[in-house]
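The values are calculated or read from the model by the stated rules, or taken from the named source; none is laboratory data. All of these numbers come straight from a predicted model, not from anything done at the bench. Cβ placement follows ideal geometry from the backbone for every residue including glycine, while neighbour counts extend to all protein chains displayed. When the accessible area is computed, the model is the full protein with side chains, heavy atoms only, and any ligands, DNA or RNA have been set aside. Shrake-Rupley method; radii C 1.70, N 1.55, O 1.52, S 1.80 Å.
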Amino acid sequence: MKKTFILLLMVLSFFGVKANDGVYYTSGNQLIPVTETEISVMKEILDVTRVDRQIQVHVYYEFFNPGNEKTLLVGFEALPPGGAWDITEEEYKKLTTHPNIHDFTVVINGQRLNYQVAHVEEREGYFRNGKFNELTKQRELELGREYDYSETIPYLFVYHFNATFKSGLNIVEHTYTFDESGYVGAEYCFDYVLTAANRWANNQIDDFTLNLNMGDRESFGIRPAFFKNASEWTINGVGRASDGGDLYYDQLVFHIQKGGITFHKKNFHPEGELVVNKMDPGMMLMWGDKTSEDVMNAVKLQYARWRTFLFEEGFTLTKEEKRILKNIPFAYRGHVFKDQGLRKFFESTNWYVPDPEYKDDMGKMSQEEREWIEFWAK
């Protein structure tokens, strides 16, 4: 006998920056049940990949249904954008889906599902008497115009579709992409609610894997909310982990030359959420009078992006300090320095990982990197 339930499938939360303002795009979590109590999560593989200033998410689930086949109403719940987001009201009125979520797909047992999007005002109880309580576009704009992510959530986008869970094993794959975002002081950040997994029948994920790939030559911090230390992670490539220090406070920081990182745990009962931040040490140099020592300390904390203000602010740097800055692109690729001064400096940083296999190749560097090297070589 078929039964109808509502499941909520929620998405990562993330922030965005426009000039010096913050933008809140959406917040959520993974597949969670509302009334379902029998189905358990046998396996989840969560892949998060940063590509061309976007975050790509792929989630693979194995669910076990011990009972009869069930037709489920499934929903993907996404919070609205808020703050200084760059879309006009006229453009917003034409939207039918979330403005910052792209390429949304759900495949269950090999079948790709069609979906619709509801716009609802209430966080709970928005599905009553077999239908969604839809907002008008005008009401939606009124609620969202002054929305700040620290305030009460004004309304939701709910992607919804019908799906059939057969008796026994069910394979669910979910993919989507969202626009890369951040806040003042960070290049990007996002979080993913892991604790929702505890709401399934087994109160855990029997076999959980998280794969993070933020790109090559990246440093990023992760809050130790669902793990204790770096030993629980595997670096798949070339990189190292360090404590957060002054830049990341209580976070564990990964400095990856190439590859990604993996967290794997059996009988995973998360007690905290995934929070990832890419902080910008260059922001430490943007206000007030700074010395060359401040510049060098910022570089030691983390590899700084090619900040134009370093070209413009007129820092008084020594010849040796300029030589160090010129060699940053080579250092972050793992160049093994024979020069004693350069080797001593880069070995004192949090992020330098010597790679004997690395061969210098200016042709593989970005235009920004080549301009950086040329500038500091003067």
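When the stretch 129-151 is filtered for residues that are among the aromatic types (Phe, Trp, Tyr) and at pLDDT below 75, the ones remaining, listed by number, are TYR147, TYR149.
In the stretch 102-122, which residues are open to solvent by less than 100 Å² (accessible area, probe 1.4 Å) and without any contact (Cβ under 8 Å) to a residue 40 or more places away in the chain? The answer is HIS119, VAL120, GLU121, GLU122.
Among the residues making up the stretch 53-85, those that are assigned to a loop (DSSP other than H, G, I, E, B) and either at pLDDT below 85 or among the β-branched types (Val, Ile, Thr) (or both) are ARG53, LEU79, PRO80, PRO81, ALA84, TRP85.
Contact map, the stretch 138-158: first residue over 13 Å from GLU122 (Cβ atoms), second residue at pLDDT 65 or above and open to solvent by 60 Å² or more (accessible area, probe 1.4 Å), Cβ cut-off under 6 Å, separation 6 or more or different chains; pairs are LEU141/GLU89.
The residues listed here are ALA225, ALA196, ALA186; of these, the one that is modelled with pLDDT of 85 or more and on the phi < 0 side of the Ramachandran plot is ALA225. Which of the residues belonging to the stretch 261-279 are under 21 Å from TYR188 (Cα atoms) and either touching a Pro at 6+ places or on another chain (Cβ under 9 Å) or open to solvent by 10 Å² or more (accessible area, probe 1.4 Å) (or both)? Correct list: THR262, GLY272, GLU273, VAL275, MET279. Given the structure, is ASN236 at pLDDT below 90, assigned to a strand (DSSP E or B) and either closer than 18 Å to MET214 by Cβ or touching a strand residue (DSSP E or B) at 6+ places or on another chain (Cβ under 6 Å) (or both)? So ASN236 does not fit the description; no. Taken as a whole, the condition of being modelled with pLDDT under 90, among the hydroxyl-bearing types (Ser, Thr, Tyr) and open to solvent by 30 Å² or more (accessible area, probe 1.4 Å) does not apply to TYR159. Among the candidates PHE337, PHE346, PHE315, single out the residue that is on the phi < 0 side of the Ramachandran plot and modelled with pLDDT under 90. From the options PHE337, PHE346, PHE315, the qualifying one is PHE315. When restricted to residues that are open to solvent by 10 Å² or more (accessible area, probe 1.4 Å) and assigned to a helix (DSSP H, G or I), the stretch 188-226 contains 3. Taking first residues from the stretch 364-378 that are closer than 15 Å to LEU317 by Cα and without any contact (Cβ under 8 Å) to a residue 60 or more places away in the chain and partners that are assigned to a helix (DSSP H, G or I) and open to solvent by 70 Å² or more (accessible area, probe 1.4 Å), the Cβ contacts under 6 Å between residues at least 6 apart in sequence or on separate chains come to TRP376/LYS322.
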